[in-house]
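Student: Below you will find the structure I want to go over with you.
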Amino acid sequence: MFNLVSIELYKISRKPRSFIGFAAIAVIALLIELALFLDGKAYVQFIIQQVEQSFQIEGNIINGNLVAYILLQTLIVQMPLLVALVGGDLLSGEAATGSIRLLAAKPVSRANIILSKFAAGSFYTMLLICWLGVLALGMGWLLFGRGDLIVVNSDHIAILQSSDTVWRFVAAFFIAFISLSVVTSLSLMLSCFSDNSIGPIMITMAIIILFTIIGTMEIPLFDLVRPFLFTTHMIVWRSMFEEPLPIQQLIISIGVMVLHIFLFLGIALSYFKKKDLLS
C-alpha cells in the first residue's frame with residue numbers, strides 16, 4: 001500500500017496542474033498581507049466601527065493572528081476548486097491516457113487502487129493546508145507581530161489572548177483538512193464515472209455551489225436538508241475561535257463530514273470494482 005501511495009504521489013507531482021494551488025494560495029495570501037500592511041488600519045477600523053460604539057479597543061489590533069484569520073476566511077472558500085483540480089483527475093486522467101488498464105493488470109486489488117489514490121489526494125490536500133498555514137501564520141507573525149485576536153461575528157465578539165490562539169489555529173487547520181478531504185473523496189468518486197478530467201472537476205464545483213446556495217437561502221424546504229449537506233459543515237472551523245467552544249456542534253459537523261467521506265469512497269469502491277476497464 002505504501003508503494004502504491006508513493007507512486008500516486010509521484011504521478012501528482014509530475015502534473016503541472018498540481019502546482020496551481022500552491023501558486024494561487026501564495027499570490028492571494030501575499031497580496032492580502034501586502035494590502036493589510038499598507039492600508040490595514042482603515043480596513044480593520046471599518047470592521048470594528050460598530051463595536052467601538054460600545055467598547056474602547058486599544059493595542060495592536062492588526063497583528064499576525066488577525067491577518068491569519070482573515071486569510072483563512074478568504075482562502076478556504078476557494079480551496080475546494082484547487083483540491084478538485086487534482087482529485088477529479090486521479091482516475092479519469094489515467095482512463096483518458098489508457099494507463100488505468102496497465103494499473104488494473106498488476107497484482108493489486110481495485111480497492112487498494114482507490115484507497116491509494118484517496119490517500120495520495122489527501123496528502124496533497126494536507127500539503128496545501130500546511131502551505132496556507134505557513135503563509136498565513138508564519139508570514140503574518142513575521143510582518144505584523146503577535147497579539148490578541150478579535151473575532152467579530154454578527155451576534156457577538158470574541159477576544160482571544162495571543163497565547164490562546166496557536167492551538168485554535170492548529171485545530172482549525174485540521175478541521176479544514178477534513179472538510180477538504182470530503183471534496184477529495186467526492187471528486188475521486190466522480191472521477192470513477194468519467195474518462196476525462198474536466199467533467200469530474202466541473203461537477204464537483206457545481207455540487208458545492210448548489211449545496212452552498214441551498215445552505216444559505218432561508219426557505220423552509222431547504223431547512224430540512226441543510227443539516228445533511230456537507231457544505232453546511234465545511235465552515236465549522238470558525239467555531240474554533242468562539243468562546244466557549246461549541247463542542248457539540250463541532251462533533252456533529254466533523255461526524256457528518258467523515259460520514260460523507262466514507263459514503264463517497266464506498267460508492268467509488270463499489271463502482272470501480274465492477275467497471276469494465278478493457279473496453
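The values are calculated or read from the model by the stated rules, or taken from the named source; none is laboratory data. Please read these numbers as outputs of a predicted model, since none were measured by experiment. Positions of Cβ are generated from backbone atoms using ideal geometry, with glycine treated the same way; all protein chains shown enter the neighbour counts. We work out accessible area using only protein heavy atoms, side chains counted, and drop any ligands, DNA or RNA first. Shrake-Rupley method; radii C 1.70, N 1.55, O 1.52, S 1.80 Å.
Student: Quick one: what pairs do we get from the stretch 19-36, first residue surrounded by 13 or more Cβ atoms within 10 Å (Cβ to Cβ), second among the hydroxyl-bearing types (Ser, Thr, Tyr) and assigned to a helix (DSSP H, G or I), C-beta under 8 Å, 6+ apart or different chains?
Tutor: ILE28/THR74; ILE32/THR74; LEU36/TYR43
Student: What residue, among those in the stretch 203-245 that are acidic (Asp, Glu) and not in a helix (DSSP H, G or I), is most open to solvent (accessible area, probe 1.4 Å)? Working first, answer last.
Tutor: Let us first name the residues in the stretch 203-245 that are acidic (Asp, Glu), namely 218, 223, 242-243.
Going one step further and asking which of them are not in a helix (DSSP H, G or I), we end up with 218, 242-243.
On the way: GLU218: 153, GLU242: 50, GLU243: 118 Å².
Only one residue tops the list, namely GLU218.
Student: For the stretch 213-230, name all the residues that are more than 13 Å from the chain's Cα centre (by Cα) and closer than 20 Å to LEU188 by Cα.
Tutor: Across the stretch 213-230, the qualifying residue is only LEU229.
Student: Consider only pairs whose beta carbons are under 9 Å apart and that are at least six residues apart or on different chains; among these, list those whose first residue lies in the stretch 183-200 and is of a type in the set (Asp, Glu) and whose second residue is open to solvent by 20 Å² or more (accessible area, probe 1.4 Å).
Tutor: Pairs found: ASP195/ALA95; ASP195/ALA96.
Student: So, one more: Could you list all residues from the stretch 231-253 that are farther than 17 Å from LEU186 by Cβ and of a type in the set (A, V, I, L, M)? Lay out the reasoning, then the answer.
Tutor: So the first thing to find is which residues in the stretch 231-253 are farther than 17 Å from LEU186 by Cβ, and the list is 236-252.
Result: VAL236, MET240, LEU245, ILE247, LEU250, ILE251, ILE252.
Student: Residue by residue through the stretch 57-111, note down the ones that are under 17 Å from the mean Cα position of the chain (by Cα), open to solvent by less than 40 Å² (accessible area, probe 1.4 Å), over 21 Å from SER13 (Cα atoms) and not hydrophobic (A, V, I, L, M, F, W, C).
Tutor: If the condition is that a residue be under 17 Å from the mean Cα position of the chain (by Cα), open to solvent by less than 40 Å² (accessible area, probe 1.4 Å), over 21 Å from SER13 (Cα atoms) and not hydrophobic (A, V, I, L, M, F, W, C), then TYR69 is the only one that fits.
Student: What is the one condition in (1) in contact with a Cys (Cβ under 9 Å, 6 or more places away or on another chain); (2) without any contact (Cβ under 8 Å) to a residue 40 or more places away in the chain that PHE173 does not satisfy?
Tutor: The number of the failed condition is (2).
Student: Could I ask something else about it? Filter the stretch 113-159 down to the residues that are of a type in the set (S, T, N, Q) and modelled with pLDDT under 85 and list them by number. Don't jump to the end; show me each part of the working.
Tutor: Kept after step one, since they are of a type in the set (S, T, N, Q), are these residues of the stretch 113-159: 116, 122, 125, 153-154.
If the condition is that a residue be of a type in the set (S, T, N, Q) and modelled with pLDDT under 85, then ASN153, SER154 are the ones that fit.
Student: Could you please find all residues in the stretch 160-202 being over 20 Å from ASP148 (Cβ atoms), open to solvent by 10 Å² or more (accessible area, probe 1.4 Å) and at pLDDT below 90?
Tutor: PHE193, SER194, ASP195, ASN196, SER197, ILE198, GLY199, ILE201, MET202 - these are the residues of the stretch 160-202 that are over 20 Å from ASP148 (Cβ atoms), open to solvent by 10 Å² or more (accessible area, probe 1.4 Å) and at pLDDT below 90.
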